[in-house]
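Take a look at the structure set out below.
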Amino acid sequence: MAIERKFMEDSIIKLNISKYLSKELVRAGFSRVEIQKTPVLTRITVYVLSPGKVIGRAGKTIDELTMNIKKMFHVENPQISVMEVENKMLEPMLVARDIAEKLERGINARRVIQSTLRSVLSNGAIGAEIIASGKLAAKGARAKQIKKSIGYIPKAGDVVSFVREAHATAYPKYGAIGVKVRIVPPGTVFPGRIIKPIEIPKSILNS
């Protein structure tokens, strides 16, 4: 039980660190964070669009982040490294935020989802799923959900860990809309399974 409790505590700390960094590094184009704990230190790798904004002048910003993480989450010897995002269309957080911004500008939700799926798959994703839930129509309309997925997206088992996932919320005038994006990046290998080439439907190709 002690081991299970420690595992749960570590998972909660990692989740809270991720939430903290996602808020602090919005302007840097925060995408995701990987945390690896060792007996000596805790490695925190942050993926962003603009690494310079995370590092700051003379390393001031990254030093402050390191100090805050150590103090707020009681992490011993945190070491932050910054990686630049190679392709923003394969990063669920960036994709979800882009969709949310377009919805806030009043662009049709179905059109946004279809065009985004096309872009994600055109950049090599093995599978992608986008779900928008909430006030998707004009004021007074009932909340509903639009769900679109293409390719292979596992929903259960250990292979779920291969799927990148993120959420964002849009706040148009007529009510909040939750956006969930799941992406299987290029090169992902699923044991015992052969992934067939993806055929993008004409409805999405022409969107």
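Of the residues GLY106, ILE150, GLY187, the one whose Cα sits farthest toward the positive end of the charge dipole of the chain, with +1 on the Cβ of Lys and Arg and -1 on the Cβ of Asp and Glu, is GLY106. Given that just one value was derived from the coordinates, which of [x] 17.8, 61; [y] 18.9, 56; [z] 15.7, 51 is Rg and Dmax of the Cα atoms in Å? Among [x] 17.8, 61; [y] 18.9, 56; [z] 15.7, 51, the one calculated here is [y]. Angle between the Cα long axis of helix 92-104 and the longest principal axis of the chain, 0 to 90 degrees, nearest 10? In the chain, helix 92-104 runs at an angle near 50 degrees to the longest axis. Principal-axis analysis of the Cα atoms of the chain puts helix 2-24 at an angle of about 70° to the longest axis. Could you state the number of Å between the C-alpha centres of the range 16-45 and the range 123-191? Centre-to-centre (Cα) distance: 22 Å. For the range 4-58, trypsin sites (Lys or Arg not before Pro) meeting the loop criterion (DSSP other than H, G, I, E, B) and having at most 14 other Cβ atoms within 10 Å: ARG27. Summing -39500 (n - 2.57) over the DSSP H runs of n ≥ 4 in the chain and dividing by its residue number, what mean residue ellipticity at 222 nm do you reach, to the nearest 500 deg cm²/dmol? After summing the helix terms and dividing by residue count, I get -11000 deg cm²/dmol.
Seen against the Cα atoms of the chain and their longest principal axis, helix 109-122 is set at about 70 degrees.
Rule-based calculations on the coordinates, nothing more; no lab input. What you are looking at is a predicted structure, and each value in this text was computed from that prediction instead of being measured. Because the Cβ atoms are built from the backbone with ideal geometry, glycine has one as well, and the counts that use them run over all protein chains shown.
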